Structures are given as C-alpha cells and as structure tokens.
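The values are calculated or read from the model by the stated rules, or taken from the named source; none is laboratory data. Since this is a predicted model, take the numbers as computed values, not measurements. Positions of Cβ are backbone-derived with ideal geometry, glycine not excepted, and every protein chain shown enters the neighbour counts.
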Amino acid sequence: MIGRSVYGDSFLRYLNLMVPRTWLYALLSFMFGYLISGGQNVILLTIGVLLFGPVLTGATNLINMYYDVREDEINKPTRKEHLSKLGNENVRLSAFILYFVGICMSLAFSSPTFTLFILTYIIISYTYSAPPLRFKKRFLISLFMLAYGSVFLPFISAWTLEGKEIMHAPWGLATMATVIVLFPIAGKDITDPRGDKKAGNSTIFTVLNFGEGVKLYCRLFLWLPYVVLAVLLLLNMIPPYMSALFLFVPITYMDMRNGLKISSFDESITKKYFRSAFWHIMELLTFSFLLPLIIPLIFG
C-alpha cells in the first residue's frame, strides 16, 4: 500500500508538471486536421491524439518546467515542490523518454513526412525553453513558435497520413487556426506580470506598462484573427463559408470592452477575464475546424 501510494503520488506530480489543459490545442488540431483530410482510421486517429497530447505536449511542458525553476519560484511556487520531490534530472529524463516515444509512435503511420513533422515539433518545443536559444525570452518569436507548434504543425501533419500530397493541404485553414490561438497564448501572461517582470520574462505586459499592454492586447491580438480571415478570403485561400466566423465579432467586441476596463493588475480580475476570453477563443477555434466538416455534408 505504501509503495502504491508513493508511485501514485509521483504520477500525479508528473501529470501536474505536464499541464493536461495545454494539450488541447495540439490534439484538437491533429484530430480535426485528420478528419478534414478525409481520414477514417480510428486507430490512427487515436494514436495521433495521444501523440500530440500527453506525449509531445507533455514532454514540452516537462522541459519547460525543468528550465523555468527561477521563474516558477516567483510565479508558481507549487511547481518547485513537485520538481524537488521528483528530482530535476528525473523530470528532464522523462521529457526525453516521451520525445523518444513520440518518434517511435510516428513510425506507426508509415509516413516519412509525418515523422519529419514530429522531429520539427520536438526541435521547436525544446529550443523554446532550453538554453542557449531559449526562444521564450523573445516575446513575438515565442508567440509564433507556440502557435505554430501547437496548431499549425499538428493540423498539417495529419494531411500526410492518407497519401495526399502536402502541396494540396488546407494551408489557409491551418493559418487561420494558428492566428486564432495567438490571443490566448499572449493572454496567459496577463495573470502574473509582476512575477514575469522579476524573472526577466519578456511579455506584452512587461515590455509595456500593464495598462498599455492590456490596451494593445485587446485592440491587436483580439481582432487579428478577423483581419487574417478577411485577407485569406480575398486570396481565396479558404472557402467562402468560412466568413461565418465573423459571427463571433460581437463576442469579441464584448471581450475587448471588458478587457479595456482593466487598467491595473488585480489577480482575481485578470484571471477571471483570461478564462472567459480563453473559452471564447476555444469556441472560435473549434468552429473554424467544424465548418469544413459540416458545410460539405450539408451542401454536398
């Protein structure tokens, strides 16, 4: 009973450091990318969801925790407790094991292109957190790396599994989905600007003063998906029915108005705002994936 309790405790600590809620972008992107490509193999779909969820995204988070000890001492002290209980080197080793498992799982798809996408994902996720590059210290680069790795790569990689040519992949849809998640990726930093500033992290809320950061955040990142949507429609890179995403404009407007009321940092208010905005963006992202599945079924 004691041994079982110790192993169970360790598992929960590892799971906490793997941050399950962050798996959502990648596994949803792969799932919808596979379904939109016409894939029907449930086993391959399940393997892909596990691959981009707990395996690769989980490994990314473990590496991030390992190299974020100084930041987490300020921002999230409970993580330091988990790291000390498990051992820093054990956490890093677990990440490398998951990376290796991910490469092995990718071979099950019998697609060299897919395995290349997985290797690209691993390189991006590692260099994002690990020195000497540690791209997360560079605000705009880190945003696009996270969005590209967690949405664009999983979505496009799914297109390679049914023998379709990569040049015929839905690049416009992948671009649209990637831009949508820039908002919540940038927005997570609104919850602890003081800790980020002490740790030397570069975010929109530390580069500018908090109030100005909120204004730019609401006026730029919240509206950026609609600007990109209009451009993609004009370039015929996405189907005309994708214009239905403009129905979310009133919700976006309300979120912007609520955000602009936050002039100074308040932990409870900013966390509540970010949660509401996050779920709004998740709805927009999911709807952008669902349209290419539903509309062809309705209209043939």
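Cβ-Cβ distance below 7 Å, separation of 6 or more or different chains: which pairs start in the stretch 218-232 with a residue that is under 23 Å from Ile190 (Cα atoms) and free of Cβ contacts under 8 Å to residues at least 24 places away in the same chain and end on one that is part of a helix (DSSP H, G or I) and basic (Lys, Arg)?
Taking only residues 6 or more apart or on different chains, not a single pair turns up.
Taking the stretch 103-131 as the region of interest, how many residues are surrounded by fewer than 17 Cβ atoms within 10 Å (Cβ to Cβ) and either under 17 Å from the mean Cα position of the chain (by Cα) or without any contact (Cβ under 8 Å) to a residue 40 or more places away in the chain (or both)?
10
Among (1) over 22 Å from the mean Cα position of the chain (by Cα); (2) in a helix (DSSP H, G or I), where does Asn236 come up short?
With (1) over 22 Å from the mean Cα position of the chain (by Cα); (2) in a helix (DSSP H, G or I) applied to Asn236, the lone miss is (2).
Say whether the condition of being over 22 Å from Thr175 (Cα atoms), in contact (Cβ under 8 Å) with a residue 24 or more places away in the chain, part of a helix (DSSP H, G or I) and in contact with a Lys or Arg (Cβ under 8 Å, 6 or more places away or on another chain) is met by at least one residue in the stretch 199-212.
Yes, because at least one residue in the stretch 199-212 is over 22 Å from Thr175 (Cα atoms), in contact (Cβ under 8 Å) with a residue 24 or more places away in the chain, part of a helix (DSSP H, G or I) and in contact with a Lys or Arg (Cβ under 8 Å, 6 or more places away or on another chain).
Filter the stretch 25-53 for residues that are part of a helix (DSSP H, G or I) and surrounded by fewer than 20 Cβ atoms within 10 Å (Cβ to Cβ) and give the result.
Leu35, Val42, Ile43, Leu44, Leu45, Thr46, Ile47, Val49, Leu50
Could you check Ile180 against (1) among the hydrophobic types (A, V, I, L, M, F, W, C); (2) surrounded by fewer than 19 Cβ atoms within 10 Å (Cβ to Cβ); (3) modelled with pLDDT of 90 or more and say which number it fails?
Every listed condition holds for Ile180 apart from (2).
Given the criterion under 26 Å from Lys137 (Cα atoms) and out of contact with any Phe, Trp or Tyr (no Cβ under 8 Å at 6 or more places or on another chain), identify the matching residue among Arg219, Arg194.
Only one candidate qualifies: Arg219.
Does the stretch 287-300 hold any residues that are exposed (fewer than 15 other Cβ atoms within 10 Å of the Cβ) and either in contact with a Pro (Cβ under 8 Å, 6 or more places away or on another chain) or under 20 Å from Tyr226 (Cβ atoms) (or both), and which are they?
Across the stretch 287-300, the qualifying residue is only Leu290.
A quick yes/no check of all residues on (1) assigned by TED's automatic domain parsing to the domain that holds Leu220; (2) in a helix (DSSP H, G or I); (3) among the polar types (S, T, N, Q):
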residue	(1), (2), (3)
Thr113	no, yes, yes
Phe117	no, yes, no
Tyr128	no, yes, no
Gly149	no, yes, no
Ala174	yes, yes, no
Val179	yes, yes, no
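Give the residue that is modelled with the lowest pLDDT, with candidates limited to residues of the stretch 186-218 that are surrounded by fewer than 20 Cβ atoms within 10 Å (Cβ to Cβ) and either under 18 Å from Leu153 (Cα atoms) or touching a Leu at 6+ places or on another chain (Cβ under 8 Å) (or both).
Leu208
A quick yes/no check of all residues on (1) out of contact with any Phe, Trp or Tyr (no Cβ under 7 Å at 6 or more places or on another chain); (2) hydroxyl-bearing (Ser, Thr, Tyr):
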| residue | (1), (2) |
| --- | --- |
| Tyr148 | yes, yes |
| Pro184 | no, no |
| Leu208 | yes, no |
| Lys215 | yes, no |
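Please determine, by comparing only the residues of the stretch 132-141 that are free of Cβ contacts under 8 Å to residues at least 60 places away in the same chain and in a helix (DSSP H, G or I), which one is farthest from Thr175 (Cα to Cα).
First pass over the stretch 132-141, keeping only residues free of Cβ contacts under 8 Å to residues at least 60 places away in the same chain: 132-133, 135, 140-141.
Still in the running and in a helix (DSSP H, G or I): 135, 140-141.
Details: Phe135: 21, Leu140: 17, Ile141: 16 Å.
Here the answer is Phe135.
Regarding the stretch 137-146, can at least one residue be identified that is basic (Lys, Arg), surrounded by fewer than 22 Cβ atoms within 10 Å (Cβ to Cβ), within 15 Å of Ser202 (Cα to Cα) and in contact with a Gly (Cβ under 9 Å, 6 or more places away or on another chain)?
Yes: one or more hits.
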